[in-house]
1. Looking only at segment B:266-312, filter to residues that are among the charged types (D, E, K, R) and either closer than 18 Å to B:Ile73 by Cβ or in contact with a His (Cβ under 7 Å, 6 or more places away or on another chain) (or both); which one of those is surrounded by the most Cβ atoms within 10 Å (Cβ to Cβ)?
2. Could you count how many residues in segment A:27-37 are crowded, with 20+ Cβ neighbours inside 10 Å and within 12 Å of chain B (Cβ to nearest Cβ)?
3. Among the residues of segment B:748-759, write down those that are in contact with an Asp or Glu (Cβ under 9 Å, 6 or more places away or on another chain) and under 25 Å from B:Phe839 (Cα atoms).
4. Being within 60 Å of the chain's Cα centre (by Cα) and of a type in the set (A, V, I, L, M, F, W, C) is the filter here, so list the residues in segment B:272-318 that pass it.
5. I'm told B:Asn589 meets every condition in (1) more than 30 Å from B:Leu513 (Cα to Cα); (2) assigned to a helix (DSSP H, G or I); (3) not acidic (Asp, Glu) except one. Can you identify the failing condition by its number?
6. All but one of (1) touching a residue at least 12 places away in the same chain (Cβ under 8 Å); (2) more than 30 Å from A:Ile24 (Cα to Cα); (3) surrounded by 14 or more Cβ atoms within 10 Å (Cβ to Cβ) hold for B:Arg590; state the number of the condition that does not hold.
7. Cβ contacts < 7 Å: first residue within 7 Å of chain A (Cβ to nearest Cβ) and of a type in the set (Gly, Ala, Ser), restricted to segment B:632-647; second residue surrounded by 15 or more Cβ atoms within 10 Å (Cβ to Cβ) and in a helix (DSSP H, G or I), any location; separation 6+ or different chain. Result?
8. Looking for something touching a Pro at 6+ places or on another chain (Cβ under 8 Å) and either farther than 22 Å from B:Asp54 by Cβ or free of Cβ contacts under 8 Å to residues at least 60 places away in the same chain (or both) - is there at least one such residue anywhere in segment B:331-343?
Amino acid sequence: MAEEKKIGILVCDDDREIVDAIEIYLEQDGFTVYKAYNGEEAYRIIKKGGIDLAILDVMMPKLDGIHLTMKIREISSIPIIILSAKSQDSDKILGLNVGADDYIPKPFNPLELVARVKSNLRRYRELGNLKEAPQDGHIYQAGGLSINDDTKEVRVEGEPVKLTPIEYQILLLLVQNKGRVYSIEQIYENIWNEDAVGAENTVAVHIRHIREKIEINPREPRYVKVVWGVGYKVDAE
Amino acid sequence: MKKGISKRTAAFLAVLQHLAAAGLAFLLVLLFAGQTVILPSARGNVSYDLYESDRSRAYEDSLLFNNILGNNIATVARFVAIRSQIETAGSYDGEKQVDVTAYVNRGTTLPGDYITGIYSVANLLKWAQNGFDYETRVMSPEQSSRFLSDSTIYTRIINNAVSGGMNSYLNAQIEGNTETRVASPYEINQEEGMTGLEEYAFFNEPEIESGSEEHSVLVNRYRTVDGYNIEDIVSNWNDYQALCSNVVEAAQDMNNNYEEYQSLREYYQEDSSCLRYYIVRSIGGRKEVYTNVTSLANEPNAEKIQNYFKDLTRHLYLCPYDLSYETDSLIKEETIRAIFKQYSYAYPDQIRIFIGVDLDAQVTDDFLAGRDSSAHYLPSLSLMHLMIGLFAAGYLFLLVLRILFAGRSYGWKIDRMPTELILLLWLILLGAAGLGFYRLVIYNYDLLGQQSTYLQAGCAAAGSIVIDCVLCLGLLTLIRKGKASRLWADSWIRRIGLAIRASFLFTVQHTNLAVATWLPYLTLVVANLAAVYLLQLPGVIGAFIVDLIVGSLVYHIRMRRREIVEGIERIRDGERGYQIDVTHLHGENRRLALSVNQIGEGIEKAVNTSMQDERLKTDLITNVSHDIKTPLTSIINYVDLLKREDIDNPKAQDYIRILDEKSQRLKHLTEDLVEASKISSGNIELSLTRLNYVEFIHQTIGEFYEKFEEKGLTPVFKPTEEPVFIMADPHYLWRVFENLFGNAAKYAMENTRIYMDLIPEEADHEGIRTVAFSMRNVSKNELNVSPQELTERFIRGDKARTGEGSGLGLSIAQSLTRAQDGEMSITIDGDIFKVTLWFAIDEGQ
């Protein structure tokens, strides 16, 4: 990704050390970081403009993350990632409902945070451009994942990933049929063209391998998701 | 009192006491045996008493001597009476004539005319010895009259010369004092003055007996001295039978007397007895002398005879005719008269009796044996009394001693028995021992006889030991009980009394219950009985109707009670808020139901409170976790940043690595903690969906493939043949499996296999089938914990709590399983760790 203009990211947390750490990671990836230590401060910065993405803590003095998000949404549609020590589902849902784009529980893996930031920026940019890369017969895309069937090249967030032929075929099958859930048996029959007898583990293991390669956090996959007791799928965005 | 005695001493005392009892019994038997002597006399052994007063007298003046004399006089009186029947001139006379009818009636009076036969003594004796034969003959009246004589021969006593009664046997014995007369039947009839009616009967008799009749005929072995057969004397069958029976009776009597005569004659011979007798009687001028003094047999001088007897040790003389009696013995006149009166048929008034005893005779008889016995026993009597006294005193002393010492130890088994039982057993044993003693010692007294007095005394001694043992056993047991104050405590009477008292108290205290239960019941019973008894059928019908009503009432109450029971069961099964409807309940049932409702409310309240507490706890944990997470975020981030710095110092790198690991662990811990408390407080929302269990497990295995591979673990899964569907929340089920698999990955021994099965189970009683998933692995560490502990929070296979996990995994898994209506169990068998999950199979669709 060749960027002419530096991307500005607002990081707001009442814990200065966390803000500083995030700043280090983001600057390493070439982002410009704006720091704020409470909600009002953050809101002021955003109002000034030049912010492409905001990372907000939920529990902050003066203005908490949820209300801040609501206020930001009144003036801007930039991606907002909520950071919270509250990892309960209800918090997550509340955050996403009021307009946040992503939710990362504390304590978080810094690399995951960076990956989420990139992912959210890409999605925002694509939406903003209102143009996805043409979905022709040979290039398939699902979020930050793109497969070029001509070159047999797989990229995640632009980064090439090396897959074995079987893994490639499985991923291709799922990406080609985004949103559809394939059971282990179906995947096996599709890829190996034979009855799946006693080969169930093989598919599950391949899926796992794929995830290890393309997901930032395989425990919480973004691309190849498990539908427990049914099969696997790649979400259609 | 002393502090008890040793067992040895106690046993010694017991033995001493039993010995004293034995000695006492021994002496007592000797004493009693010594008070009687059994002497062989003319008619077998005779028992005589020994008298203490005799000790001061000479033997010939003793009571014993006079008792012996009296018995001998009685025997002699009989002996001489027999002699008079059998002898003539002092010796046996077989030719002596016996008037059988007079003989048979010798004790009474003969009729004026009587039918008799005169037989010789010898013939009668022989006849009796040979036996009497009868023939049964059938005779027509003609044959009868031919067989019997035409007329009856009657005998009549001419002169009643002998004093002592008309027509007596003595008169019949006088020669020539009888005359005979032959009379025809008619004559007899007239003479006897029969009434008309009897006449009629008599004359009609031949007509009645017109047919032949059976008659018992005595075979005439001997004839009378006149040469008659019996049938020659009588003219009718009645007289014939009477005479026959007289002949038989006379012969048998005579024979018995003859046998007695022989033995007595032997016994009372002059050279074998101390007794001397001389009896002379006069019958019709005939003088008969009976004596065992040879020298006096033909002595005519009465003076000389009298002197002979006066010279003997003791003598007596009786002459009823002169009313004279003299003696130097203690025998009284009326005694001797009474003796001789028994044989008045032999002793007329004209009789003189001399009887004497010569103790200097060189013979062996009862007189001399009696003298020996009294000489033998009497002198030792006082010594015996003294010894008996000593033994008795010793026995009593020892008994009292043992009683005093008894009961120092209460604890023998026998002492625990109920008092009445001990008493009963004691009495039974005593009775048995006493009976045995009686049979052995007292009952056999005569059989053992004089010579066995010591044997008898020995038996008594042995027997008394047994009795004494039994006596002491029971007595001492009771005394021990008494001393331990258990006599009353252990008694049945007390227990029964207590039971009665308790039931009485219960009745008093629970008058309502007792009255409510028993009064109606008894009233009903009495009413039923009264109705049936008094009113018969209507009463039965009425009682039946009343009983039916009462029965339905009872049934109704029982039904209501059932509702209460059901309510209790519902509360028990978790329906805590359930309230029993009390609107239609009354009395006891209503009270019961209200109480149950209150209990239910109490439980509900308690459960709510505890749930609230649990929620508070969860909130607390969650909040604390949040507060930990924020600084932890910084720690993790800066450790990561540190890692990125170029630090050459290997030590520093190592420290950073440790920081990294521990901060990651802390992160897991806080996450697990929050989750565990959330789940255990029921603070999660489930969305149950139908999912393919087999597929799910395959996926899980796939997810964990790398983790297993790292440790060299090989999962071996044996699925069901058909897909199995269950209702579960996919996310939380995954959390369950994640924990279980993660647990296996962490704690299974490296390079082993992990076995997994999925097995559908049989339908239970509600028709629900479950499927069991089980997973077994070999533990890396020793499993020294119980399965329960493993599912308790913060407990892990390795108690030291090192390593990666939080220790909450199994607890979380179990809680989540239960939240999804499943069940999880853990079994540990050595190093084999096995976890099993059960879920209901969803058969739908």
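The values are calculated or read from the model by the stated rules, or taken from the named source; none is laboratory data. If you're wondering where the values come from, they're calculated on a predicted model, not measured in any experiment. Because the Cβ atoms are built from the backbone with ideal geometry, glycine has one as well, and the counts that use them run over all protein chains shown.
1. The residue in question is B:Arg276.
2. Looking only at that region, the number is 0.
3. Hits for segment B:748-759: nothing passes.
4. Residues of segment B:272-318 within 60 Å of the chain's Cα centre (by Cα): B:272-275.
Answer for segment B:272-318, where residues must be within 60 Å of the chain's Cα centre (by Cα) and of a type in the set (A, V, I, L, M, F, W, C): B:Cys274, B:Leu275.
5. B:Asn589 satisfies all of (1) more than 30 Å from B:Leu513 (Cα to Cα); (2) assigned to a helix (DSSP H, G or I); (3) not acidic (Asp, Glu) except (1).
6. The single condition B:Arg590 does not satisfy is (1).
7. If the second residue must be surrounded by 15 or more Cβ atoms within 10 Å (Cβ to Cβ) and in a helix (DSSP H, G or I), the pairs left are B:Ser634/A:Glu17; B:Ser634/A:Ile18; B:Ser634/A:Ala21.
8. Among the residues of segment B:331-343, at least one is touching a Pro at 6+ places or on another chain (Cβ under 8 Å) and either farther than 22 Å from B:Asp54 by Cβ or free of Cβ contacts under 8 Å to residues at least 60 places away in the same chain (or both), which makes the answer yes.
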